[in-house]
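Colleague: I have a structure I would like to understand better, so I am pasting it below and will then ask my questions one at a time.
The values are calculated or read from the model by the stated rules, or taken from the named source; none is laboratory data. Here the structure is a predicted model, which means the values were calculated and not measured. Positions of Cβ are backbone-derived with ideal geometry, glycine not excepted, and every protein chain shown enters the neighbour counts. Side chains included, ligands, DNA and RNA excluded: accessible areas come from the protein's heavy atoms. Shrake-Rupley method; radii C 1.70, N 1.55, O 1.52, S 1.80 Å.
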Amino acid sequence: MFIQTEATPNPNTLKFIPGRHVYDGILEFHGAISADMSPFAQTLFKIDGVRSVMFGEDFISVSKNADIEWAHIKPEILGTIMDGFVSNVPLWVSDEKPVKSPKKYEGEAAQIVEEIEQLLETRVRPAVAQDGGDIEFEEFDMQTGVVYLRMRGACSGCPSSTITLKNGVENMIKHYVPEVTRVEQII
């Protein structure tokens, strides 16, 4: 098994590409405690300096603490990922996939939210996935026109995520959905 690595715009996150399917959807963990249902993520959190782990469709993003150099932990991460796939360590052990319950919208708001989610799914998420991240719709405030989004994986905490959000995502959404006045990131 050969695992490629790619740098991301976030200097503290690397994207590991195992050349095979990883997960249907996105799983993200911010520490060993949050990964209690993911034996695979738990093995990665045993590596000193690993801060977060995100499983995507065909990649794994690993974020490290800023005070640790990649040269010190990258070989161990690569070995752990390889061992995990070879040993068939499960990504998720519960019968239920983690799902957040979306807020319900009605009427015009529901139509606007559907347009926003469609733009995110077709134009934004594929682009941020290339950088080892994800972007998730959280909420739309019909009164103010503000869209709240969550950056995940390599995009979370990335120095350029604010620029991506404001100059890229916000401008595109405002162009296609005139009811949107601005986009804000939820941390």
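Colleague: In Å², and per residue, what accessible area does the chain have when probed at 1.4 Å with the other protein chains present?
Modeller: Result: 54 Å² per residue.
Colleague: Now for a separate question. Add +1 for every Lys or Arg and -1 for every Asp or Glu among the other residues with Cβ under 15 Å from the Cβ of residue 45, and state the total.
Modeller: Around residue 45, the surrounding residues sum to -2.
Colleague: No solvent, one uniform scatterer per C-alpha: report log10 I(q)/I(0) for segment 10-78 via the Debye equation at q = 0.13, 0.21 1/Å, two decimals.
Modeller: Log10 of I(q)/I(0), two decimals: -0.32, -0.85.
Colleague: Continuing with the same structure: Using helices alone, what [θ] at 222 nm do you get for the chain, with -39,500 (n - 2.57) per DSSP H run of 4 or more residues, divided over all residues and rounded to the nearest 500?
Modeller: Mean residue ellipticity at 222 nm (helix-derived): -7500 deg cm²/dmol.
Colleague: Once you list every other residue whose beta carbon is under 15 Å from the beta carbon of residue 81, what net charge do they have if Lys and Arg are +1 and Asp and Glu are -1?
Modeller: Overall, the nearby charge balance is +1.
Colleague: Expressed as a rounded percentage, what relative contact order does segment 15-125 have, with Cα pairs under 8 Å and six or more residues apart?
Modeller: Across segment 15-125, relative contact order equals 26 percent.
Colleague: Place a +1 charge on the Cβ of each Lys and Arg in segment 1-157 and a -1 charge on the Cβ of each Asp and Glu, then give the dipole magnitude about the Cα centre in debye, rounded to the nearest 20.
Modeller: 440
Colleague: How big is Rg to Rh over the chain, alpha-carbon atoms, Rh as the Kirkwood inverse-mean-distance radius?
Modeller: Expressed as Rg/Rh, it is 1.00.
Colleague: If you don't mind, another one. Would you kindly state the longest site-free stretch of the chain, with sites defined as trypsin sites (Lys or Arg not before Pro) in a DSSP loop (not H, G, I, E, B) surrounded by at most 14 other Cβ atoms within 10 Å?
Modeller: 105-187
Colleague: Which loop chymotrypsin sites (Phe, Trp or Tyr not before Pro) in segment 1-81, with loop taken from DSSP, have no more than 14 other Cβ atoms within 10 angstrom of their Cβ?
Modeller: 2
Colleague: Separate question: Put +1 on the Cβ of each Lys and Arg and -1 on the Cβ of each Asp and Glu in the chain; which of 107, 137, 10 then has its Cα farthest toward the positive end of the dipole?
Modeller: 10
Colleague: Moving to a separate point now. Could you tell me what percent of the accessible area of the chain is made up of carbon and sulfur, with a 1.4 Å probe and every protein chain present?
Modeller: Solvent-exposed carbon and sulfur of the chain make up 50 percent of the total.
Colleague: If you don't mind, there's one more thing I want to ask. Past the 19 angstrom mark, what percentage of all C-alpha to C-alpha distances in segment 106-178 do you count?
Modeller: So the pairs more than 19 Å apart make up 29 percent of the total in segment 106-178.
Colleague: With a cut-off of 8 Å between alpha carbons and a minimum separation of six or more residues, what is the relative contact order of the chain in percent?
Modeller: Relative contact order here is 21 percent.
Colleague: Any idea which of 66, 86, 120 is furthest toward the positive side of the dipole for segment 1-125, if Lys and Arg beta-carbons carry +1 and Asp and Glu beta-carbons -1?
Modeller: 66
Colleague: Mind checking the log10 I(q)/I(0) for segment 76-147 at q = 0.20, 0.23, 0.24, 0.28 Å⁻¹? Debye, one equal scatterer per Cα, no solvent, two decimals.
Modeller: -0.97, -1.08, -1.11, -1.19
Colleague: Quick one: among 60, 17, 47, which has the greatest mean-square fluctuation in a GNM of the chain with alpha-carbon springs under 10 angstrom?
Modeller: 47
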